[in-house]
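The values are calculated or read from the model by the stated rules, or taken from the named source; none is laboratory data. On a predicted model such as this, the values are computed, not experimentally measured, just so you know. No Cβ is skipped: glycine too gets one built from the backbone with ideal geometry, and neighbour counts run over all protein chains shown.
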Amino acid sequence: MLDIKKITTLSDLSELKTAYFAGSTAPLDGMWHFGFVPMSDHYGFYENDILVGYCVLNGEGYLLQFYLAPTASANIADLFTLIIENNNSVIGEVKGAFVSTAEPQYLSLCMDNTESFKVNAMMYRQNQESDASRHSGRIEGIKMTLATEEQIDKLVEFASSAIGAPKEWLTGYYSNLIARQELWGYWENDSVLATGECRKFDEHQTQFADLGMIVAQAERGKGLATRVLNFLIQHANSQGLQAMCSTESSNIGAQKAIARAGLSSKNRILQFDFD
């Protein structure tokens, strides 16, 4: 008999999360799995009071992770179908799922249950540590400086104006990056022209650095994005880390900048909508 219970202590899932990431064929997107997932609801699958799996559901009713240990007695396909057909009162309504093409089992479960999906984001990865050095000779250098707490108001205002993110969320997010020395700024006459993020992983995928950037609208199309990325890649490589990043499938400008910086995309994040 399998029971489903809501989990409030995420450390209970430590071993299962390790197995989940070990089963991926490529590094998973940092913002999705270490930004959005911890803020979402976690549900554990129990057999004889032993935790054998879990799933993650965000506030909009979309699954973000799904895992059942191979040692479990339950059939994973039957369990997945049960949950997405809203037949579990603990989890409630499931509208769809976000899944990477680097998560083969979870992806297969989604594809078995619906043909309706669209590409949400492109996932990029540095192929070899030498990529940055090969491209750096063709890209004009840029000098970025580590962000400080004294600059946070300007950085938040810049990011909010450039991408429309909520200021309250940005303040907390940037404060954490600043404390970890993972946020950089490119300034001109006391104005922010671009920001860059080089985020390290505290667990799982610790050999990678997850990059992010924002370029002022007035500066786009001038090659600044590629220069920012090149700086971040070199910074990651100097710490023995391989660079990775992602961008929306509709952001053609970012995709071109990422490709020019030497990163390639073999995986996608897909959005499934269940009927």
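Per-residue answers, yes or no, for (1) in contact with a helix residue (DSSP H, G or I) (Cβ under 6 Å, 6 or more places away or on another chain); (2) β-branched (Val, Ile, Thr); (3) not in a helix (DSSP H, G or I):
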{"site": "LEU177", "(1), (2), (3)": "no, no, no"}
{"site": "ALA194", "(1), (2), (3)": "yes, no, yes"}
{"site": "ALA209", "(1), (2), (3)": "yes, no, yes"}
{"site": "ALA236", "(1), (2), (3)": "no, no, no"}
{"site": "GLY240", "(1), (2), (3)": "no, no, yes"}
{"site": "SER250", "(1), (2), (3)": "no, no, yes"}
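Going by what's in this entry, would GLU93 be described as in contact with a Gly (Cβ under 6 Å, 6 or more places away or on another chain) and exposed (fewer than 14 other Cβ atoms within 10 Å of the Cβ)? For GLU93, the condition - in contact with a Gly (Cβ under 6 Å, 6 or more places away or on another chain) and exposed (fewer than 14 other Cβ atoms within 10 Å of the Cβ) - is met. In the same structural domain as ALA261 (by TED's automatic domain parsing), at pLDDT 95 or above, on the phi < 0 side of the Ramachandran plot and surrounded by 12 or more Cβ atoms within 10 Å (Cβ to Cβ), is that true of ALA159? The answer is yes for ALA159.
Please determine whether any residue of region 21-32 is surrounded by 14 or more Cβ atoms within 10 Å (Cβ to Cβ), free of Cβ contacts under 8 Å to residues at least 60 places away in the same chain and either on the phi < 0 side of the Ramachandran plot or in a strand (DSSP E or B) (or both). So far as region 21-32 goes, no, none of its residues is surrounded by 14 or more Cβ atoms within 10 Å (Cβ to Cβ), free of Cβ contacts under 8 Å to residues at least 60 places away in the same chain and either on the phi < 0 side of the Ramachandran plot or in a strand (DSSP E or B) (or both). Across region 33-65, the qualifying residues are those that are closer than 12 Å to GLY96 by Cα and out of contact with any Ser or Thr (no Cβ under 8 Å at 6 or more places or on another chain), and the one among them that is surrounded by the fewest Cβ atoms within 10 Å (Cβ to Cβ) is GLU60.
Can you give me the number of residues within region 84-107 that are part of a loop (DSSP other than H, G, I, E, B) and out of contact with any Cys (no Cβ under 8 Å at 6 or more places or on another chain)?
13
Exactly one residue among THR71, THR81 is in a loop (DSSP other than H, G, I, E, B) and either more than 16 Å from GLN205 (Cβ to Cβ) or not assigned by TED's automatic domain parsing to the domain that holds ASN176 (or both), and that residue is THR71.
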